[in-house]
Every structure is written in structure tokens, then in C-alpha cells.
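Data first, discussion second: the structure below is written as C-alpha cells.
The values are calculated or read from the model by the stated rules, or taken from the named source; none is laboratory data. Everything quoted here is computed from the prediction, not taken from an experiment. Quick reminder, even Gly has a Cβ in these numbers, built from the backbone with ideal geometry, and neighbours come from all protein chains shown. All accessible areas refer to the heavy atoms of the entire protein, side chains included, with ligands and DNA or RNA removed. Shrake-Rupley method; radii C 1.70, N 1.55, O 1.52, S 1.80 Å.
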Amino acid sequence: MATYVQLNTGAKMPILGLGTWKSPPGQVTAAVMAAIDAGYRHFDGAYAYQNEKEVGDAIQQKIKEGVVKREDLFIVSKLWSTFHERHLVKGACQKTLADLKLDYLDLYLIHWPSGFKAGEDLFPTDDNGMVIPSNTDLLETWEAMEELVDAGLAKAIGISNFNHEQIERILNKPGLKYKPANNQIECHPYLIQEKLINYCQSKGIAVTAYSPFGSPDRPWAKPEDPSLLDDPKIKEIAAKHNKTAAQVLLRFHIQRNVIVIPKSVTPQRIVENFKVFDFELTKEEMATLLSFNRHWRMGIVSQAKTHKEYPFHAEY
């Protein structure tokens, strides 16, 4: 069975990768090294995670040890919202590459469709705590992304957290040079994203699911929030296959041809999360998981709700 998804560029993107959002700088180097040893070849990061130097240290160490070559790896990063102005895009990508100690990225994504005021703050806010927007245009940011491909800094470019209307605007852009290769979105059985996934896949845009476990370690979690890993029905399916709830939640995406990037800094879980290619969920089990949809979104970024490009007001 395929362990990768082919992008519209022809490149093969491993269907399972290691996520690094919320991985503390002090732990992420060991986590990435453990993941490479466990067989992971796809690593998902971002400028905004503020740990790219440490991710880069791990990659370099494993290349030095001869465990992997650069071309065996698929490295993803993201353009943060304060760098949407056309003249800032290349510098932001180069900063990420310098931190990762790499010459190119396999995939570079626009992290959010909404641009924020340029400056040092990741989230520049006004007196009401709302994000201060930049007056940038998505299509201009996209043109600057296209230039990164031509300059050899990124092999493929894509988007993250975009709704289908925003994607449509890019696809319909006059003089479009490169289509987005990937849209990275929150996805799990409580937010199945059926319409958006179908839309993207119909346009030749691969989909990556982040927070496949519902991000239980998000800083703003409330005790009453639903918990996927503790869901008795999911645990029941897991028991049938002699697998864990986490492994079932990962397999759920793989069977939809959706790339998935579980985050962990625990070596044992990193290994466990990779053991998802030796079982298959039945049609009935997939249908059961899809039936859990409750449009529950973990990553709402409420401080950007008033932004004209806030992506989650649209149905999909």
C-alpha cells in the first residue's frame, strides 16, 4: 500500500510525517532524531513554532551519521502571517532555511490566509486584543511564493488553513504559474472536512491533516472539551485491531489519502505512531469515524476573527 501521496509537481510526499508545533526547543532535536531512526522521512515545521534551529540540528546530525541523505527527506515549513508583504517573503524563507541548515524546502506553505502587520511580534494586536492586519493581497503573496520555486528555494508551494473560496481565488488568478500543491488543515473525526478535502483533491491539491488527535496539549484546552483519544467508540475500534486509539486516528486519514502529521516528543509514541501500515479499518469502521463529525475546531485563532481573510466564516 502506498506510503506517500503524489503531489501535482510529481514529487512523492510521505503520507505520515512528524509534526513539531508545540515541541519545546529542548526536546525537539531528540524527537526528530528518534523519528528518523524510526523510519520517518517527512518533517513538518514552521517559523512560528520557534524551534526550527533545533529541528535543523537533528537533521544535520542524522545526515552526518549517514542514516539519511537530504534527498531522502521531505521537509515542510510555513511563511508566517507577518511576512505576507511581497518583499518580505523571500527573506522569511531564507531565515527558515538558515535555521534548518538546508538549501531548499520540499514544500513551503502560506501558514494562514490572513496577513498581519509586519514586525517582531508573531501576533501584533490592537488595544482590544485583535490582530492588526497587513493590507496585503493573497495573490501578491502567492506570486512571491512562486518566485521561491523559480529561485530553487522551495520545490513545491502550498497553503494552510485556506477555505475553498480563497483557494479558488489563487486557481483563477490571471497568469498563475504554479498551483498550490498542498493545503494543510485541521482534521480529525470531530472535524472531518469532507467538502474541503473533496474540493482540494478534485483540483489536484493534496491535503495534510494537522492535529489528528485534536491537539490535546493545546494551551487553551478546557476540561469539558471533547477528547478523541479517550472516545470509547474509537478505543473499541482500536481494541479490535490490537492497536491504540492514536493509531486508529492516524489510519483514518491514510485511508482517505490524506497526509497526516502527528506531533510527539516521546520516543515510544513516535515509534508507535509510525506503525499504521500493517492494518486496515473496515468500511464500517471508517463510516463510524466519519459519523463523529461535530464541526468541532480546535484551532480557531479567535484574535483574527475580524480579519477580512479569516478563513473559518465560510462553510468550507
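So the values come out like this:
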| item | result |
| --- | --- |
| Qualifying residue in the stretch 10-20 (condition: in contact with a helix residue (DSSP H, G or I) (Cβ under 8 Å, 6 or more places away or on another chain), part of a helix (DSSP H, G or I), more than 19 Å from TYR104 (Cβ to Cβ) and not charged (D, E, K, R)) | no |
| Matching option when the condition is closer than 25 Å to ARG41 by Cβ and in contact with a strand residue (DSSP E or B) (Cβ under 7 Å, 6 or more places away or on another chain), among LEU281, LEU249, LEU228 | LEU249 |
| Odd one out for MET286, checked against (1) open to solvent by less than 40 Å² (accessible area, probe 1.4 Å); (2) among the hydrophobic types (A, V, I, L, M, F, W, C); (3) part of a loop (DSSP other than H, G, I, E, B) | (3) |
| Selection count, the stretch 96-108, where residues are outside any loop (DSSP other than H, G, I, E, B) and crowded, with 16+ Cβ neighbours inside 10 Å | 7 |
| The listed residue being closer than 30 Å to PRO232 by Cβ, more than 14 Å from the chain's Cα centre (by Cα) and free of Cβ contacts under 8 Å to residues at least 24 places away in the same chain, out of ASN172, ASN198 | ASN198 |
| Residue pairs meeting the criteria (Cβ under 8 Å; at least 6 apart or on separate chains; first over 16 Å from ALA209 (Cβ atoms), in the stretch 293-305; second in a loop (DSSP other than H, G, I, E, B) and hydrophobic (A, V, I, L, M, F, W, C)) | VAL301/TRP112; GLN303/PHE123; GLN303/MET130; ALA304/TRP112; ALA304/MET130; LYS305/MET130 |
| Of all residues in the stretch 155-196 being part of a loop (DSSP other than H, G, I, E, B) and closer than 22 Å to LEU73 by Cα, the one that is most open to solvent (accessible area, probe 1.4 Å) | LYS155 |
